[in-house]
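Only the coordinates and a few stated rules stand behind these numbers; no lab work does. Computed from a prediction, not measured in an experiment: that's the story for all the values here. We place every Cβ from the backbone using ideal geometry, glycine too, and count neighbours over all the protein chains shown.
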Amino acid sequence: MADQRFTDSIANRALDTVDLVVGTVHDKLVRPAVVGARGVVFGIIIAVVAILIAVLVSIGFIRLMTVYAFDHKVWISYLVLGAIFCGAGAFAYTKRVASGHD
């Protein structure tokens, strides 16, 4: 009977050790990998949707300006949209942070 309790104790300690190791590996390795993968996937989805929205808004702007504002002169619409994008780019360029390289 004493041998049975001794082997049960060893088995329980071994199972507790395995459970601790698996839990630690899960917390230190698997969980950060899952969080990183989710971040990559959601980042790609957000980027694709943002590009799609920008393209659709640009097309809508060109069509509206061509038909209603500039009497079917498409080049003026392109010029105005180009100026808007250049202005936005110049604004973003002024807000950049220097990387510290010469």
*Helix-derived [θ] at 222 nm for the chain: sum -39500 (n - 2.57) over DSSP H runs of at least 4, divide by residue count, nearest 500?*
-27500 deg cm²/dmol
*asked:* As an exercise, use a Förster radius of 41 Å and the Cβ-Cβ distance of residue 76 and residue 99 to find the FRET efficiency, rounded to the nearest 0.05.
replied: 0.60
*Starting from the Cα of residue 47, step 7 Å along the direction of its Cβ; do the same at residue 30; then give the gap between the two resulting points in nm.*
2.9
_Potential extension, residue 64-residue 15 segment - 0.36 nm per residue separation minus Cα distance_ = 10.7 nm
